[in-house]
Amino acid sequence: MEGRVAERLRGALGPLGFEVHAFKVGWYNAVLQPGFHLPYPDDTLAFVVLSTPSMFDKALKPFVNKERLKIIRDPVDQCVSHHLSRVKEKFPDQKVDVIFDYEILPSRKPKFLAQTAAHVAGAAYYYQRKDVKLDPWEKKKIYGVCIHPKYGGWFAIRGLLLFPDIQVPFLEQSAPVDCVSTEEKRIELLELFNFHWQDGRYRDIIEVKERYSEEQKAYFATPPAERFRLLGLTQEAPRGTFH
């Protein structure tokens, strides 16, 4: 069952520059505190959705050109929301729940922990402080970061697709590729991500197959409220509605 669902998802989202990776809800819940658990049985089929560098040209720009009058919040969020919501049409007989990376609970906690989901689904390795044996940071707060075996840090985790009526007790878990395997490189990665993230060097911690275009880099480096100008959206959008 998982194979058929995955094939349909990849057929719908692959040409738009997205990747999908299957996991069981139980794998995710097993590594997190109860407050972060997804409220589904352990064997429930889920997919984490990533955007790759080509999403900008394949999905975002066409979406903006077509929907420019209707864009009232961040164009990337709205584009992702549009395409993931349309996936439901491919499964008329199934319930499909979608959770987006930007959604938060009333408690202000995120609805799901994106990097943990990517790791348990085998999509990207979540490097954390605990992956370094000789920790040089003492009392500093050190955040972890996911690295994709093909795109390094040039990708984003955009959401989850959950199929509450599909149970996959026999789904086998694939470990993510440990592509930053030396202690030195892991320390360098976490240093770059925590203390120099703006310059984006952490994204190239490994040899990557594809990275964001200069146009895309400029777009993501621009504060969200000003991104509209880059996409030619200034006129139509009311002020004060962007984040």
Kindly list the number of the only condition in (1) open to solvent by 40 Å² or more (accessible area, probe 1.4 Å); (2) modelled with pLDDT under 95; (3) closer than 30 Å to K66 by Cα that fails for A237.
(1)
Test of understanding: among K61, K109, which residue is of a type outside the set (G, A, S) and under 24 Å from H21 (Cα atoms)?
K109
Pairs only if they're at least six apart or on different chains, beta carbon under 8 angstrom, first in the stretch 30-43 and modelled with pLDDT under 95, second charged (D, E, K, R) and open to solvent by less than 80 Å² (accessible area, probe 1.4 Å); list them, first residue then second.
G35/K109; F36/K109
What number of residues within the stretch 205-217 are open to solvent by 50 Å² or more (accessible area, probe 1.4 Å) and in contact with a helix residue (DSSP H, G or I) (Cβ under 9 Å, 6 or more places away or on another chain)?
2
For M55, which of the numbered conditions (1) in contact with a Leu (Cβ under 7 Å, 6 or more places away or on another chain); (2) at pLDDT below 95; (3) open to solvent by less than 30 Å² (accessible area, probe 1.4 Å) fails to hold?
(2)
Number of positions in the stretch 1-29 that are over 23 Å from D93 (Cα atoms), outside any loop (DSSP other than H, G, I, E, B), small (G, A, S) and in contact (Cβ under 8 Å) with a residue 40 or more places away in the chain:
0
Could you say which residue among R10, R73 is out of contact with any helix residue (DSSP H, G or I) (no Cβ under 7 Å at 6 or more places or on another chain), among the charged types (D, E, K, R) and either crowded, with 19+ Cβ neighbours inside 10 Å or within 22 Å of P223 (Cα to Cα) (or both)?
R73
Would you say V80 is β-branched (V, I, T), touching a residue at least 40 places away in the same chain (Cβ under 8 Å) and outside any strand (DSSP E or B)?
yes
Since R201 meets every condition but one in (1) in contact with a Leu (Cβ under 9 Å, 6 or more places away or on another chain); (2) under 24 Å from I104 (Cβ atoms), which condition does it not meet?
(2)
From the residues in the stretch 13-45 that are over 20 Å from Q173 (Cα atoms) and aliphatic (A, V, I, L, M), which one is most open to solvent (accessible area, probe 1.4 Å)?
L16
Looking at the stretch 83-106 only, could you name the residues that are open to solvent by 50 Å² or more (accessible area, probe 1.4 Å), more than 16 Å from the chain's Cα centre (by Cα) and touching a residue at least 24 places away in the same chain (Cβ under 8 Å)?
R86, K90, Q94, K95
For residues that are without any contact (Cβ under 8 Å) to a residue 24 or more places away in the chain and closer than 27 Å to L13 by Cβ, scanning just the stretch 160-206, find the one that is nearest to the chain's Cα centre (by Cα).
E172
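The values are calculated or read from the model by the stated rules, or taken from the named source; none is laboratory data. Quick caveat: nothing in here was measured; it's all calculated off a predicted structure. We place every Cβ from the backbone using ideal geometry, glycine too, and count neighbours over all the protein chains shown. Just the protein is used for accessible areas: all its heavy atoms, side chains included, with ligands, DNA and RNA removed. Shrake-Rupley method; radii C 1.70, N 1.55, O 1.52, S 1.80 Å.
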